[in-house]
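Visitor: Got a structure for you, questions after.
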């Protein structure tokens, strides 16, 4: 039997999810191994140093840089407040000339060479939350933790917006229906809603107004995305957009039916909590948007494999075509010839035969498909 390896997206009913919750700088870990956590629970905390802002004291007071130590009212490390005098120069006529701080913070350094004072702003608190409804299975001292849970799991193609959570609500009758503004109701506030083949820009805007926490959808128009964000998304990571609602696209750009398997899985778990993240990175170090539905079964998790073994592409494997002319179509592999085949471009490549959901069959280069992993 033919056998090949190809990248794919996971759509699975049961797997072990492990998430590293790491601080950007060393700080304090607030939980211990074995603690049960909820998505909003803070598991680690630190302080980010404030911004540095230079202040040319010598220039403002009209003195040589080497005289700066004489006029300074504050020393290195002293706290300062915006508008507070930090240096004072007296003239021969007893006039006083002050130089005031321009931010709240402290004195970082004083230079008698440049005549400048570096002001350090107040530190910013940074908290890392658990994100999942699960258990702390590892503590990394001063850095963070690993949170683990049993869950149903769906990977998407593209997303915007960061981590959030809410109960699932399927709002379209099937996986082919367009999610327009008529489906968005005020009672969907704080929910993660699931649509069919496409979400309109109007529906997304209304969802944000209503307070919907997340949308899971088959497709999204790239023009709507550009108009909505106000800029084109390149190869940089998404997920930092402050739009109020996280979007996870499961199939691709344009109107593409959500895979029936994905829709059925989400429908099965309607009413349960879903933790979602729209962060996407399509360059090196790929990051996929995701929907994690923690299991209500809180029994021991050690017996579940965190990652299934890499599965090869086989006859019967469900696939999605990711290039023209069958882009976005779903089907299953019906044949995997071992020999190289000559394509229309006259180049040679390994191919496969795929049967689409409408029972039509086509020959497709193996590089043009991705496997839907179960």
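Visitor: By average Cβ neighbour count within 10 Å, what is the ranking of 336-346, 272-282 from highest down?
Guide: Highest mean packing first, the order is 272-282, 336-346.
Visitor: Hey, another quick one. Would you kindly calculate the mean projected area, averaged across all directions, of the convex hull enclosing the Cα atoms of region 318-373, in square nanometres?
Guide: Values: hull surface 14.7 nm².
Mean projected area for region 318-373: 3.7 nm², to one decimal.
Visitor: Mind putting together the pair-distance distribution for region 29-150? All Cα pairs, 5 Å bins, whole percent per bin, short to long.
Guide: Once binned at 5 Å, the Cα pair distances of region 29-150 give 2, 11, 17, 14, 9, 7, 7, 7, 7, 7, 6, 4, 2, 1, 0, 0.
Visitor: Still on this structure, I have one more. Once you wrap a convex hull around the alpha carbon atoms of region 52-121, what is its projected area averaged over all directions, in nm²?
Guide: Numbers: hull surface 16.0 nm².
Over every viewing direction, the Cα hull of region 52-121 projects on average to 4.0 nm².
Visitor: Place the peptides 13-19, 254-260 in order of packing, highest mean first, counting for every residue the other Cβ atoms within 10 Å and averaging per peptide. It would help to have the intermediate numbers written out before the result.
Guide: On the way: 13-19: 17.9, 254-260: 20.1.
In descending order of packing, they fall as 254-260, 13-19.
Visitor: Let me ask you something else. Could the peptides 98-108, 20-30, 73-83 be put in order, highest first, of the mean number of other beta-carbon atoms found within 10 Å of their residues? Numbers along the way, then the final one.
Guide: Values: 98-108: 18.1, 20-30: 15.3, 73-83: 13.0.
Top to bottom by mean Cβ count within 10 Å: 98-108, 20-30, 73-83.
Visitor: Rounded to the nearest 10 degrees, what's the angle between the helix 201-210 long axis and the longest principal axis of the chain, both from Cα atoms, 0 to 90?
Guide: With both axes taken from Cα atoms, the answer is about 60 degrees.
Visitor: Determine, for 356, 188, 228, the number of other Cβ atoms within 10 Å of each Cβ, and report the residues in order from fewest to most.
Guide: On the way: 356 15, 188 21, 228 18.
Ascending number of Cβ neighbours within 10 Å: 356, 228, 188.
Visitor: In addition: Under 1.5 on a/c is rounded, so check that first for region 187-269, then, if it is not, pick prolate when a/b is larger than b/c and oblate when it is not; a ≥ b ≥ c are the square roots of the alpha carbon gyration tensor eigenvalues. Could you put the intermediate results ahead of the total?
Guide: Working: a/c = 1.76, a/b = 1.21, b/c = 1.45.
Note, shape of region 187-269 comes out oblate.
Visitor: Let me ask you something else. Identify which of 176, 114, 262 has the largest mean-square fluctuation in a Gaussian network model of the chain, with springs joining Cα atoms closer than 10 Å.
Guide: Largest GNM mean-square fluctuation: 114.
Visitor: Where the centre of each part is set by its Cα atoms, how far does region 153-167 sit from region 71-125, in angstrom?
Guide: 47 Å
Visitor: Still on this model: From zero outward in steps of 10 Å, how is the percent of C-alpha pairs of the chain spread across the bins?
Guide: 5, 19, 22, 19, 13, 10, 7, 4, 1, 0
Visitor: Where a ≥ b ≥ c are the square roots of the eigenvalues of the C-alpha gyration tensor, would you call region 111-233 rounded, which needs a/c under 1.5, or, failing that, prolate if a/b is larger than b/c, or oblate?
Guide: Numbers: a/c = 2.77, a/b = 1.55, b/c = 1.78.
Note, shape of region 111-233 comes out oblate.
No value in this document is a laboratory result; all are computed from the given coordinates. The structure presented is a predicted model; accordingly, all values stated were derived computationally and were not measured. We place every Cβ from the backbone using ideal geometry, glycine too, and count neighbours over all the protein chains shown.
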